[in-house]
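Report on one structure; see the data block that follows.
Nothing in this text is a laboratory measurement; each read-out follows from the coordinates by a stated rule. All figures in this text were calculated on a predicted structure; none of them were measured in a lab. Cβ coordinates were reconstructed from backbone atoms using ideal geometry, including for glycine residues, and neighbour counts include every protein chain displayed.
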Amino acid sequence: MLTAITGINWGDEGKGRMVDLLSEDYDIVVRYQGGNNAGHTVINEKGKFVLNLLPSGILREDVVNVMGNGVVIDLKHLNEEMGRLIDAGIKITPENLKISDRAIICMPYHVQQDCLEEERLKDAKYGSTRRGIAPVYGDKYMKKGIRMGDLLDSEEALRAKIEGITEWKNLSIEKGYGAEKIDAEEMFNWIKEYGFKLRDHICDTGLFIDNAAKEGKNIMFEAQLGALRDIDFGIYPFTSSSSTIAAYAPIGSGVPNRKLDCTVGIMKAYSTCVGEGPFTAELFGEEAEHLRKAGNEYGAATGRPRRVGGFDVLASRYGVRMQGADEIALTKLDVLSYMDEIPVCTGYAVNGEKLDEFPIGEKLEKAEPVYEYVKGWHEDISGCRKMEDLPEAAREYVKYIEEAVGCKIKYVSVGAAREEYIVVPD
Ligand code: GDP
Ligand code: MG
């Protein structure tokens, strides 16, 4: 069974939490795109963990975790993240963490370039997490990347590669931005310090996954961010720099020969968005502040307050289509419990005309939300474990959303802890 767990919205839907829950039945969890700009919060019996790079299956002892070729890896960050987990008693060995030899390394100059560009843009900035993600993916496609597999080659070959690439990079860092020159030897030493100790984890992960699939193992592909941040289909250029959609999972994991059996879309009961860019359903003022506090909407990776809004029907329906979701996990329903009436953005209007599909470009920038209000339930639902435990208005809200996006809601999450969820019967 090959299952993808992906975000329907702008990210932070609770993917990490759902992977942690559903990975019980899986042998392997693979991260297939993105870098340490992700922040997946997982709360279980072992404690509270924020995972940026590591697959969320790392918290389960019998799960093998894979960082696929589609991921970009900041070696220092990965070392620190692994160190934090090991200190908390989590076992990480070459047996339960495998890193693709084709994954690209996110270098210190990528982070530097990300910061330089955001500063150059001033008010027009992208709202980048400043972790080097756009520059490193840019370099990947410019064919100037250093790959994890390069750490297994001779030191001379690695050094020569770094020298060639830093010479090229200095054309922009030093000569373009006028910043201090990158030193090739310093970069080599950085890789040596943080990369060489990972050598035993590096392998052909595509082959590993393909063999596991042949043996009938259950494999889960974990996405970072959501459909609306996909480089092709999201709110470009306020997207991430990689493919966040399920269809990319086999490619970013090294098994383009395999097809997914199931895609679980993680969708939030309201909307949130970190950083800049069009966010039509955005709420402001007291209404927003209240929702942000109730949902504790502050970025896991950066601590930034997230922009918030009501559930966005148009964007979510688009997200469901782009992900090819077979079923939905609706998260954070409990957060809406304080509301008398629940705001739902049922559509967008441009110059008074209602849109049928999620737009791009100027239309998206100009779109005004059409808001409707549905009945709230006004009671604590975090203890509910069956649909019939939920108040009627909450059940109706779930049904309403299911019909609006046209996809079966299979799970309803009513809290951040592992057991705080409901399975919706067919
Ligand atoms: P991800 O990036 O999609 O993995 O999501 P994040 O971890 O960035 O953000 C989701 C946040 O909501 C985390 O702090 C989770 O602990 C929390 N969370 C997840 N599901 C629920 C839920 O059903 N209810 C509540 N109250 N919190 C949840
Ligand atoms: Mg997140």
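When the listed pairs K15/K140; K143/K197; K98/K181; K48/K259; K76/K268 are checked against a 30 Å cut-off, the alpha-carbon distance exceeds it for K98/K181; K48/K259; K76/K268.
Taking 18 Å as the straight-line reach from the Cα of K408, the aspartates and glutamates in range (excluding those fewer than 8 positions away in the same chain) are E13, D261, D312, D326, E327, E388, E396, D426. A simple spin-label model places pseudo-atoms 7 Å from Cα toward Cβ; at E368 and R199 they are separated by 6.4 nm.
Cross-link partners for K175 among the aspartates and glutamates, with Cα-Cα distance under 13 Å and sequence neighbours closer than 8 places in the same chain left out: E167.
Look at the dipole of the stretch 199-308 built from charges on Cβ: of P250, P278, A213, the Cα furthest out on the positive end belongs to A213.
Charges at C-beta only: +1 for Lys and Arg, -1 for Asp and Glu. How large is the resulting dipole of the stretch 86-244 about its Cα centre, in Debye rounded to 20? Spell out each step's value before the answer.
Details: 23 positive and 28 negative charges, 68 e Å.
Magnitude of the dipole: close to 320 debye.
Amide H contacts of I266 (H built 1.01 Å from N, in plane; Pro and chain starts excluded): T6, G7, I8, A329 sit under 5 Å, all sequence-distant by 5 or more or on other chains. Between the alpha-carbon centers of the stretch 347-426 and the stretch 13-51, tell me the distance in whole angstrom. Here the two parts' Cα centres lie 23 Å apart. Under a model in which nothing but the beta-carbon of Lys, Arg (+1) and Asp, Glu (-1) is charged, the stretch 211-285 shows a dipole of about 300 debye around its Cα centre.
A simple charge model with +1 on the Cβ of Lys and Arg, -1 on the Cβ of Asp and Glu and nothing else charged puts the dipole of the chain at about 720 debye relative to its Cα centre. Using only the C-alpha atoms, the convex hull of the chain corresponds to 137 Å³ per residue. The amide H of V64, built 1.01 Å from its N in the peptide plane, has I28, V29 as neighbours under 5 Å, considering only residues 5 or more places off or on other chains. Estimated purely from DSSP H runs of n ≥ 4, each contributing -39500 (n - 2.57), the mean residue ellipticity at 222 nm for the chain is -9500 deg cm²/dmol once divided by its residues. Spin-label pair D123-E388: with each label point 7 Å from Cα along the Cα-Cβ axis, the two points sit 5.9 nm from one another. A full extension of the chain between N44 and K259 corresponds to an added length of 74.3 nm, given 0.36 nm per residue minus the alpha carbon distance. Under 15 Å from the 7 Å Cα→Cβ point of D153, by amide nitrogen: which residues of the stretch 89-103? Output list for this probe position: 101-103.
Where both bridge residues fall in the chain, DSSP classifies roughly 40% of the beta bridges as antiparallel.
Highest-first packing order for the peptide set 121-132, 404-415 is 404-415, 121-132, based on the mean count of other beta carbon atoms within 10 Å.
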